[in-house]
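Scroll down for the structure; my scribbles are underneath it.
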Amino acid sequence: MTGESTIPADGRAAGYRARRTLPLRTELVRQCKRRRTQVALAFVTALPLILVAAFAIGGGGAESGTADLIELATRGGVNFTVFTLLMSVGFLLIVVVALFFGDSVASEASWSSLRYLLAIPVPRTRLLQQKAIVSATLSVAALVLLVTVALAVGTVAYGAEPLVTPFGDSLGYGDAIGRLTLALTYIAVNLIWVAGLALLLSVLTDAPLGAVGGTVMASILVQILDQITALDHWRDYLPGHFSFAWTRFLAPTIDWHDAVIGSFSALAYGTAFAVAAWIMFARKDVTS
């Protein structure tokens, strides 16, 4: 006997702390170095520039007296930002969130590195938590980047004019930026159901494309069902039914009804999907 064993009674190596495994900074840096992250962030940055170029090529702004918010896009930086969001909320932002969350676990499985992460050992709950936090960080960064660039580019191109709604209402530039912040917060909350579904599919499949594509297809199906007026009040129970309730923040008097219901719906669906993902991942036989 050379001495007493230093291995703790629970069998863990000395100094092992589960909460220290897979640090957020390490995972965030790792994900930021990936090409898909760089391409996604580059695209949301370039979109406002592409729209400004399209307006310039197409002949400029809208005719006076029009009452369409899209036609008001060139009447100031805030209006341009609102137009950019209108063009992005229904599809682009869904794809971005689905990409970051759907690729999170499935990509590790496709690279056959998931089992090695768990063998470090990183507890499964810890791994899923860290992946979700980093994916949420990148998703929010993409959303904030889109709005910030759109506001900056729009203000430079079209001036710091008041926000004008299709109903003839207007808000000063400073007030409009405050309302855009509220709208941005609501959009982020409303996308939680997309994040939860993408995370669930990422756990269920070893193919990142399947998780991302499945989430996008599900969102398209929901949008199609939402257009069927025969469903009447049943459409209120669809995830994403209130995805455009953020426009209520742009009125002189905010109508909170749809925003509150939409936030609750997104949180409920997102929580259900996330819990299902945690249960499935905890029971999953990881072989890749």
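Filtering the stretch 150-165 to residues that are surrounded by 15 or more Cβ atoms within 10 Å (Cβ to Cβ), within 13 Å of T84 (Cβ to Cβ) and among the small types (G, A, S) leaves A150, G154, A157. I'm checking my understanding of the structure. Among residues of the stretch 18-34 that are loosely packed, with under 12 Cβ neighbours inside 10 Å, charged (D, E, K, R) and farther than 12 Å from I133 by Cβ, which one is modelled with the highest pLDDT? Out of the qualifying residues, it is K33. When G168 is tested against the conditions (1) under 28 Å from A274 (Cβ atoms); (2) more than 14 Å from the chain's Cα centre (by Cα); (3) surrounded by fewer than 22 Cβ atoms within 10 Å (Cβ to Cβ), the lone failure is (1).
Looking across V212, V189, one residue alone is touching a Ser or Thr at 6+ places or on another chain (Cβ under 7 Å) and either surrounded by 15 or more Cβ atoms within 10 Å (Cβ to Cβ) or on the phi > 0 side of the Ramachandran plot (or both). It is V189.
Only one of the numbered conditions (1) of a type outside the set (D, E); (2) under 18 Å from S88 (Cβ atoms); (3) at pLDDT 95 or above is not met by F249, and that is (3).
The numbered conditions (1) closer than 22 Å to R124 by Cβ; (2) at pLDDT 95 or above are all true for L204 except (2). Among the residues of this structure, G178 does not count as one that is out of contact with any strand residue (DSSP E or B) (no Cβ under 6 Å at 6 or more places or on another chain), touching a residue at least 40 places away in the same chain (Cβ under 8 Å) and either of a type in the set (G, A, S) or assigned to a strand (DSSP E or B) (or both). Hey, can you tell me all the residues within the stretch 261-288 that are more than 28 Å from A207 (Cα to Cα) and either modelled with pLDDT under 95 or touching a helix residue (DSSP H, G or I) at 6+ places or on another chain (Cβ under 7 Å) (or both)? Residues satisfying the conditions are G262, S263. For G213, the criteria (1) more than 22 Å from S139 (Cβ to Cβ); (2) part of a helix (DSSP H, G or I) hold in every case but one, which is (1).
Would you say V97 is in contact with a Phe, Trp or Tyr (Cβ under 8 Å, 6 or more places away or on another chain), surrounded by 19 or more Cβ atoms within 10 Å (Cβ to Cβ) and modelled with pLDDT of 90 or more? In short, no. Applying a threshold of 9 Å to beta carbon distances and a minimum spacing of six or more residues, or different chains, the list of pairs starting in the stretch 120-132 at a residue that is over 16 Å from S202 (Cβ atoms) and ending at one that is among the aromatic types (F, W, Y) reads P121/Y16. The C-beta contact set for the stretch 221-246 (first residue free of Cβ contacts under 8 Å to residues at least 60 places away in the same chain, second residue loosely packed, with under 14 Cβ neighbours inside 10 Å and of a type in the set (D, E, K, R), distance under 9 angstrom, 6+ apart or interchain) comprises A245/D255.
The values are calculated or read from the model by the stated rules, or taken from the named source; none is laboratory data. This is a predicted model, so every value here is computed, not measured. As a convention, Cβ positions derive from the backbone with ideal geometry for all residues, glycine included, and neighbour counts pool all protein chains shown.
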